[in-house]
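Student: If you scroll down you'll find the structure; I have some questions about it.
Coordinate-derived values only; no laboratory data. This structure is a prediction, so every number in the text was calculated from the model and none was measured. Note that each Cβ is placed from the backbone with ideal geometry, even for glycine, and that neighbours are counted across all protein chains shown.
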Amino acid sequence: METSALQGGEEVSLLNQTIEYDPDEILRREAMITLEKVKKALGTKFSTFVPLCTSCNSPIDLGWNFCTNCGAEIKNMKFEEEIAKCPNCNNYISDSWKHCAHCGAKLKEEEEAVLRCPNCKRPIQPEWIICPYCGYRLKRKP
Ligand SMILES: [Zn+2]
Ligand SMILES: [Zn+2]
Ligand SMILES: [Zn+2]
């Protein structure tokens with residue numbers, strides 16, 4: 001449960017601060033890109049997006065194979081928001097899954113392989129330039 005301690009808005013507002021007040025324009029732009037990635041990384045906790053069945057419009061779960069209301073196959077639906085697919089079975093998957101709910105394929109490496117912020121030790125993505133949790137600058141300008 002590595003994300004349980006996160007307060008959804010906290011790290012995002014830190015990035016927002018950088019976007020609004022940092023005098024470095026390049027950094028501001030980078031922070032904006034990072035913010036999008038952070039929102040994605042926080043997954044359903046932060047996203048308000050709920051996939052809807054494209055044929056009957058009722059809310060569906062990415063763990064289902066078929067819509068429980070109309071029976072349409074979820075795998076073949078096209079959603080407004082980009083949703084990751086399992087590389088093994090091609091079904092839609094959730095960011096938080098370590099294994100695919102459809103076929104059991106391993107989706108994420110174990111914790112040990114995860115990059116961590118040198119300051120707060122929380123998991124980070126290699127492309128991030130600012131740690132969204134503590135504001136530590138992971139990459140400095142050359
Ligand atoms: Zn349906
Ligand atoms: Zn799968
Ligand atoms: Zn940090």
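Student: Working carefully through the options Lys85, Lys75, find the one that is basic (Lys, Arg) and farther than 25 Å from Lys37 by Cβ.
Tutor: Details: Lys85 fails: farther than 25 Å from Lys37 by Cβ.
Criteria check complete, one pass: Lys75.
Student: Return the residues of the range 88-104 that are more than 15 Å from Ile60 (Cα to Cα), part of a loop (DSSP other than H, G, I, E, B) and more than 8 Å from ligand 2 (Cβ to nearest atom); say none if nothing qualifies.
Tutor: Correct list: Asp95, Ser96, Trp97, Lys98.
Student: If you go through the range 106-136 one residue at a time, how many are within 10 Å of ligand 2 (Cβ to nearest atom) and surrounded by 14 or more Cβ atoms within 10 Å (Cβ to Cβ)?
Tutor: 1
Student: State whether the residues of the range 113-124 include one that is of a type in the set (Val, Ile, Thr), away from ligand 1 (no atom under 16 Å from the Cβ) and within 21 Å of Ile60 (Cα to Cα).
Tutor: Within the range 113-124, none of the residues are of a type in the set (Val, Ile, Thr), away from ligand 1 (no atom under 16 Å from the Cβ) and within 21 Å of Ile60 (Cα to Cα).
Student: Quick one: Asp95 ticks every box in (1) charged (D, E, K, R); (2) closer than 30 Å to Cys131 by Cβ; (3) within 16 Å of ligand 1 (Cβ to nearest atom) except a single one, so which number is it?
Tutor: Here Asp95 clears every test but (3).
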